[in-house]
Amino acid sequence: MTRRKVVVAGGAAVAAVGVGGGLAVNAFAGETTTDASASSSATASETCYTLTSETTEGPYYIDADKIRQDITEGKEGIPMTLELKLIDADTCKPVKNAAVDIWHCTALGVYSGYEAMGSGGGGGGGTPPSGAPTDAPSGTPTGEPPSGGPSGGTGGGHSEPTDDERYLRGTWKTDKRGYVTFKTIFPGWYQGRAVHIHTKVHVDGTWTDAGYEGGHTCHTGQFFFDEKSVLASAKVSPYSTNTTTRTTLTEDTIYPQNGHTGGLLYLKYDKKNIAKGVRAHLTMGVAPDETHDSTDTQPSTSASPSAS
């Protein structure tokens, strides 16, 4: 894992929480995490920053053609606000005017643009999971859905869209402080993958009346959700009708298993009623001068590549 060490004047700094990163203070209030393995020589003016992990683009990316913050398009699900802050992992400065893409599946596991691929969910009134997950599949999970799920047979490769739908997809720009916010729904799941959201960050391009042009992609990654939140969502309709076997976070072959550095979101919601809505947020450390437009790290499995 690449780490960037910087000297920050004036005490505590804004950072993405990283493994082995000493004292890391997230951009959002109340999110201070102390790493037990931190060096005792760390001072208030010297903080280690970790780049947010690069992961596979997956087969269902469609280049930015919906410049918008609200990507819901009336799709059913738990309302969710996703707030991101981008910082340069080398300088800690905000990355402003970047184009941030996000895309994810519906509560029943369907991606817009690829409805013909099917979904792992659907009606039937299945019983939602409860308590701690105990149904871990045997052997190493491959992440590859069966023929009924959205696979496309390409693993991390790109699949051509099968329709013109574009719900739960959108692109928006970061402000002068590096923030960008989207309105969406809590994603569902399909067989072979944990609940996740895809993202890309584009820099050095130009914003025009038509959208965003030129530049390069400095980050390709995914955001993930802790098991408690997913289990809570599974009790709410329409998630409760999704009878597909769900892959847990620890079983997922794409998630790097490294916490917030790997894209694990901070979540806030009413523990007694998640249906009221979820606020998700994360600070991302990126390298604006580098290009990461597809896959830097393949899943660690000797089996078939996963649908992503």
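The values are calculated or read from the model by the stated rules, or taken from the named source; none is laboratory data. These numbers come from a predicted model, not from an experiment. Every residue, glycine as well, gets a Cβ built from its backbone with ideal geometry; the counts of neighbours run over all protein chains shown. In case anyone asks, the SASA skips ligands and DNA or RNA and just uses the protein heavy atoms, side chains included. Shrake-Rupley method; radii C 1.70, N 1.55, O 1.52, S 1.80 Å.
Could we say that Val201 is assigned to a helix (DSSP H, G or I) and open to solvent by less than 20 Å² (accessible area, probe 1.4 Å) here?
no
Looking at Thr247, Thr243, which one is open to solvent by 20 Å² or more (accessible area, probe 1.4 Å) and part of a loop (DSSP other than H, G, I, E, B)?
Thr243
Restricting to region 204-232, count the residues that are more than 22 Å from Glu76 (Cβ to Cβ), among the β-branched types (Val, Ile, Thr) and open to solvent by less than 30 Å² (accessible area, probe 1.4 Å).
So the answer is 2.
Listed here are the residues, each with its yes/no results for (1) surrounded by fewer than 22 Cβ atoms within 10 Å (Cβ to Cβ); (2) at pLDDT 95 or above.
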position: His260; (1), (2): no, yes
position: Lys276; (1), (2): yes, yes
position: Leu282; (1), (2): no, yes
position: Thr295; (1), (2): yes, no
position: Ser302; (1), (2): yes, no
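With Lys235, Lys272 as the choices, which residue is open to solvent by 60 Å² or more (accessible area, probe 1.4 Å) and either farther than 27 Å from Gly118 by Cα or in a strand (DSSP E or B) (or both)?
Only one candidate passes the filter, namely Lys272.
Return the pair list, or none, for Cβ contacts closer than 9 Å from residues in region 105-116 that are in contact (Cβ under 8 Å) with a residue 12 or more places away in the chain to residues that are in a helix (DSSP H, G or I) and open to solvent by less than 10 Å² (accessible area, probe 1.4 Å), at least 6 apart or on different chains.
So the pair list comes out as Ala107/Ser233; Ala107/Tyr239; Leu108/Tyr239.
Output the residue which, of all residues in region 161-208 that are β-branched (Val, Ile, Thr) and more than 17 Å from the chain's Cα centre (by Cα), is nearest to Thr241 (Cα to Cα).
Thr162
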